[in-house]
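The values are calculated or read from the model by the stated rules, or taken from the named source; none is laboratory data. These numbers were taken from a predicted model, which means no experiment stands behind them. Virtual Cβ from ideal backbone geometry, glycine too; neighbours counted across all protein chains shown. The area values use the complete protein model at the heavy-atom level, side chains included, leaving out ligands, DNA and RNA. Shrake-Rupley method; radii C 1.70, N 1.55, O 1.52, S 1.80 Å.
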Amino acid sequence: ASRMNAHLVLVGPETSATYAAELRSFIQDAGLESSVTLIPGLSAAAVVDAYHAGDVFVLPSRHEPFGIAALEAWAAGLPVIASNVGGLAMLIKHGVNGLSIVPHESQAHLGLAAAIEVLANEPAQRLLLGEAGRVEARTRYSWQAIHHQTEAAYERAEDFANICYGK
């Protein structure tokens, strides 16, 4: 992929001092200091602002139990590029509400770069995926939707119990 005029912002707590030092060293060695910003943590309000300030949200996890950060990005209307692992594999429908990448391939970085380049070069696709994700987050993962899903699960459990125990 070609080198884009982009700025990468990495937000999140530093859970490994060694890894954080390696990352900073890599950024410096690659001459990317003006293209990468590291923010080791933000308040909840500032995180919301960060989502709204972005153009694309990327979550290239090798392991992700659910993917709440993808839902947060969707709620802000951001298109999401995410690994097809764990819960993310169930959330992201490639080309419909986001773009999926395979993180375990030897050339995974090329797939990630290609996905970013697609969204950088196709603003209509970026808007379409961002809106599809926003709708997904609001219709399937709002508190009201979660309430209805939970209530339906309890009703199914009651129906099953009634069948099993003859009530």
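If we scan segment 85-96, do we find a residue that is in a helix (DSSP H, G or I) and more than 23 Å from residue 12 (Cβ to Cβ)?
No, because not a single residue in segment 85-96 is in a helix (DSSP H, G or I) and more than 23 Å from residue 12 (Cβ to Cβ).
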Boolean, residue 11 is open to solvent by 60 Å² or more (accessible area, probe 1.4 Å) and at negative phi: yes
Enumeration of residues in segment 140-167 that are surrounded by 10 or more Cβ atoms within 10 Å (Cβ to Cβ), under 16 Å from residue 68 (Cα atoms) and not charged (D, E, K, R): 141, 142, 145, 146
Check on residue 152, of a type in the set (Gly, Ala, Ser), assigned to a helix (DSSP H, G or I), closer than 20 Å to residue 11 by Cα and modelled with pLDDT under 95: no
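Mind telling me which of the residues 60, 123, 103 ends up being under 20 Å from residue 8 (Cβ atoms), open to solvent by less than 80 Å² (accessible area, probe 1.4 Å) and out of contact with any strand residue (DSSP E or B) (no Cβ under 8 Å at 6 or more places or on another chain)?
On the way: 60 fails: out of contact with any strand residue (DSSP E or B) (no Cβ under 8 Å at 6 or more places or on another chain); 103 fails: out of contact with any strand residue (DSSP E or B) (no Cβ under 8 Å at 6 or more places or on another chain).
Residue meeting the stated conditions: 123.
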Meets criteria (open to solvent by less than 70 Å² (accessible area, probe 1.4 Å) and in contact with a helix residue (DSSP H, G or I) (Cβ under 7 Å, 6 or more places away or on another chain)) for residue 137: yes
Near pairs, Cβ below 6 angstrom, 6+ apart or cross-chain, from segment 111-133 (more than 11 Å from residue 80 (Cα to Cα)) to any residue that is open to solvent by less than 60 Å² (accessible area, probe 1.4 Å) and at pLDDT below 95: 120/4
Meets criteria (of a type outside the set (S, T, N, Q), without any contact (Cβ under 8 Å) to a residue 24 or more places away in the chain and open to solvent by 70 Å² or more (accessible area, probe 1.4 Å)) for residue 30: no
